[in-house]
Amino acid sequence: MKGNEAIAHACIRCGADGFFGYPITPQSEIIETLALLKPWETSGMVVLQAESEVAAINMVYGGAGAGKRVITTSSSPGVALMQEGISYMAGAEIPGVIVNVQRGGPGLGTIQPSQSDYFQATRGGGNGDYNVIVLAPASVQEMADFVDLAFTLAFKYRNPAMILSDGVIGQMMEKVVLPPVKPRRTEEEIAKECPWATIGRPKSRPVNIMTSLELKPEVMEARNIALQEKYQKIRDTEVRYEMEQMEDADYVIVAFGSAARIAEKSIENAREQGIKVGLFRPITLWPFPEKELHELAKTKKGILVAEINAGQMVQDVRLAVNGQAPVEHFGRLGGIVPEPEEIVEALKKLIK
Amino acid sequence: MKTEIIISGFGGQGVLSMGKILAYSGLMEDKEVTWMPAYGPEQRGGTANVTVIVSDSRISSPILSHYDVAIVLNQPSLDKFEPKIKPGGILIYDGYGIMNPPQRKDITVYRIDAMDKAAEMKNSKVFNMIVLGGLLKVCPVVSTDGLNKALFKSLPERHHNLIPLNMKAVEEGMKIIEKVER
C-alpha cells in the first residue's frame, strides 16, 4: 500500500477520535482512504473535510483540548497556513498530531517531493519560543508506525507532534504490517489520563483553562521557562536515530526520510567502489541527535549531508559536529529528487 | 536476487497499473517490493513512468540512477531510459510509433508489438497485460501463478470475471515478444 494509505489505516487502528483535513497533492489519498474506510461506522472516529487548513488545525486544537486523539494532514503550502494554530497549541500545551507530506516550494511551488520544510518543522514554524516533536519516516512501514508514536509522544508531553514525510514516501507502495487495533479511549479514560482537558468540571477541582494568552510578562516568562524545561526533558529522553554500516566506515552520510533511502543505495554503490561509508539517519528531527552525531564525528574523516533542499539539516549537523570533521551538503531543489549516483559523486568530491 | 525495473509510456496506457500488478505479484510470492510512480503532471497526459523493484532482500532506494530492465512504450520514454539501462540489462519496447529504434549493443533488446496485438484482440485495455506477459517471458521476476493471485487480490470482485481475459493477454505477450538481433 501507499505511504498515504498507511497513515489513514494507522489513524483508525490506533484509536484516533478525529481527522480534520483539506485535500492537497501529494497527500490527498489520506482523506480519500479514510472516506473509503468509513471509520465513523466502526470505531466512531470522525472524518471531516474542513473548509481550509486554518479551520482544520483549529479543529485539532479544539478536539485535542478536550483530550481527544485528533490529527490533521496536509502538504507544505497547507502546513504553512496551519502555523498559527500550531503555535497556539504549543502555547496552550495541546497534544495534536500534524502530518506534512512535503512538496517543493516556496509558495505553491510544485507537487513534486521535497524536504524544504525542515526549518519550518524543527524551529517551531510559528511565532514564539517553542518546539514541535518531529518524526521523519523513511518507509511506508514507518508511516504506519509513527502515527501511534506521534500521539503517544504528543500526549506524554502535552505538545504538538509532527510527522514530516514527503511526496516520495507518501506516493510509493511497499509492504507494510499494519499496527494492532486499539479501541478509542472512553470518556472516563480521557478524564483520568488528561486531567487538564476541558471536558466539563466536576465540583472537586478548579476550572481548567486552555489558552496561550497571558498579559502579565512575569507570569508569561515563568510559563516560557516551564516550556523550555519540558523541551529539555524531551531532548534528554526522546532522541531517535538509526545507523547502518557504520562500524568500518571512514565517511558518513547523514540523511532523513526519503533522502535516507536514496542514500542507502548510494552507500551500496560507493562501497562497491571501495569507499567505506555509513548512514546516520535521524528519526527525530527535533529533538535532533546532537550528542550521538558529535561522538560519531570524532572518529570519522568527513560527513556528507544529503537532503532534498538547499541545505537545512546541514546546519544542525554542523552545530552537532562542531568542527570534529568536515561537513558538506548535497541537495536538489524544487521537486527534483536526487538519484543515488549524484550523492556518490558528491561524496567523492568531499573525499578529494 | 533483485530486479530494478522502469516502465514508461503515455499516460493512459496502463503503465502505473502494470507496475502495480507486477508489485502485487512479487508480494504474493513473499518478496520485497517498492512501487514508485511519477505522480506529477505526467499522470495528466504526458509520459508516465513507474519504478518497480522486486527483491529477495530489503530494498534501499525507491529511486534509481540505473535499471536492470526498461520497458518503454513510446519514443520519449525510449530516448530517456535507453541510456539508463545497466550494461547487460534488458530493454523491451513496442515498435508502434518508434522512429528511432534502440542503438545500444551492450544490452539485450526485445520488441513486443503489443499495440497491434491488443487491436487484434479487439481490446485496447489488455495492452499493458500483453507487455507484462512479454516481460515475464524474458525476465521471470514473478511467476504467472503469482500474477494470477495478484489479479484476484488487487482487482475489485466485480472485475474478477475479466481475469481470464487478462491472463490470455499475458500468454499472447509471451508468444509475440522477440529478441532484436543486430
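The values are calculated or read from the model by the stated rules, or taken from the named source; none is laboratory data. None of the values given here were measured: they were computed from a predicted structure. Cβ coordinates were reconstructed from backbone atoms using ideal geometry, including for glycine residues, and neighbour counts include every protein chain displayed.
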Sole exception among (1) acidic (Asp, Glu); (2) within 25 Å of residue A:66 (Cβ to Cβ); (3) touching a residue at least 60 places away in the same chain (Cβ under 8 Å) for residue A:145, by number | (2)
If you check B:155, B:165, which single one turns out to be more than 28 Å from residue B:64 (Cα to Cα), over 16 Å from the mean Cα position of the chain (by Cα) and touching a residue at least 24 places away in the same chain (Cβ under 8 Å)?
-> B:165
Kindly list, by first and then second residue, each pair from a residue in the range A:215-244 that is over 27 Å from residue A:292 (Cβ atoms) to a residue that is of a type outside the set (Val, Ile, Thr), limited to pairs with Cβ atoms under 7 Å and residues at least 6 apart or on different chains.
-> A:220/A:214; A:223/A:214; A:224/A:129
Matching strands (runs of 3 or more DSSP E) fully within the range B:29-129 where at least 3 residues are more than 13 Å from every other protein chain (Cβ to nearest Cβ) and within 23 Å of residue B:178 (Cβ to Cβ) | B:67-72, B:85-93, B:108-111
Unmet criterion (only one of (1) free of Cβ contacts under 8 Å to residues at least 24 places away in the same chain; (2) away from chain B (no Cβ under 14 Å); (3) crowded, with 21+ Cβ neighbours inside 10 Å) for residue A:317 | (1)
In the list A:175, A:182, which residue meets the criterion of being surrounded by fewer than 19 Cβ atoms within 10 Å (Cβ to Cβ), within 13 Å of chain B (Cβ to nearest Cβ) and over 19 Å from residue A:31 (Cα atoms)?
-> A:175
Taking the condition more than 11 Å from chain A (Cβ to nearest Cβ), farther than 20 Å from residue B:151 by Cα and modelled with pLDDT of 95 or more, does residue B:3 pass?
-> yes
Can you confirm whether the range A:4-17 contains a residue that is out of contact with any Asp or Glu (no Cβ under 7 Å at 6 or more places or on another chain), more than 14 Å from chain B (Cβ to nearest Cβ) and over 20 Å from residue A:176 (Cβ atoms)?
-> yes
Of all residues making up the range A:251-271, the number that are farther than 26 Å from residue A:117 by Cβ and either touching a helix residue (DSSP H, G or I) at 6+ places or on another chain (Cβ under 6 Å) or not in a helix (DSSP H, G or I) (or both) | 3
Residue check: is residue B:20 within 14 Å of another protein chain (Cβ to nearest Cβ), under 13 Å from the mean Cα position of the chain (by Cα), surrounded by fewer than 22 Cβ atoms within 10 Å (Cβ to Cβ) and in a helix (DSSP H, G or I)?
-> yes
Residue ID - surrounded by the most Cβ atoms within 10 Å (Cβ to Cβ), chosen from residues in the range A:265-292 that are within 20 Å of the chain's Cα centre (by Cα) and among the β-branched types (Val, Ile, Thr) | A:284
Output the residues belonging to the range A:74-116 that are within 14 Å of chain B (Cβ to nearest Cβ), under 13 Å from residue A:24 (Cβ atoms) and outside any loop (DSSP other than H, G, I, E, B).
-> A:101, A:102, A:103
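This table checks each residue for (1) of a type in the set (A, V, I, L, M); (2) surrounded by 24 or more Cβ atoms within 10 Å (Cβ to Cβ); (3) in a loop (DSSP other than H, G, I, E, B); (4) in contact with a Leu (Cβ under 7 Å, 6 or more places away or on another chain).
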{"residue": "A:7", "(1), (2), (3), (4)": "yes, yes, no, no"}
{"residue": "A:26", "(1), (2), (3), (4)": "no, yes, yes, no"}
{"residue": "A:30", "(1), (2), (3), (4)": "yes, yes, no, no"}
{"residue": "A:34", "(1), (2), (3), (4)": "yes, yes, no, no"}
{"residue": "A:44", "(1), (2), (3), (4)": "no, no, yes, no"}
{"residue": "A:48", "(1), (2), (3), (4)": "yes, no, no, no"}
{"residue": "A:54", "(1), (2), (3), (4)": "yes, no, no, yes"}
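Residue by residue, here is whether (1) in contact (Cβ under 8 Å) with a residue 24 or more places away in the chain; (2) among the hydroxyl-bearing types (Ser, Thr, Tyr); (3) in contact with a Ser or Thr (Cβ under 9 Å, 6 or more places away or on another chain) holds:
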site	(1), (2), (3)
A:24	yes, no, yes
A:33	yes, yes, no
A:36	no, no, no
A:47	yes, no, no
A:56	yes, no, yes
Long-range neighbours under 6 Å by Cβ, at least six apart or interchain, first residue within 20 Å of residue B:109 (Cα to Cα) within the range B:53-69, second small (Gly, Ala, Ser) and surrounded by fewer than 22 Cβ atoms within 10 Å (Cβ to Cβ) | B:68/B:89
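So is residue A:308 within 14 Å of chain B (Cβ to nearest Cβ) and over 21 Å from residue A:352 (Cβ atoms) or not?
Yes.
Restricting to the range A:125-165, name every residue that is basic (Lys, Arg) and more than 25 Å from residue A:197 (Cα to Cα).
None - no residue of the range A:125-165 is basic (Lys, Arg) and more than 25 Å from residue A:197 (Cα to Cα), so the list stays empty.
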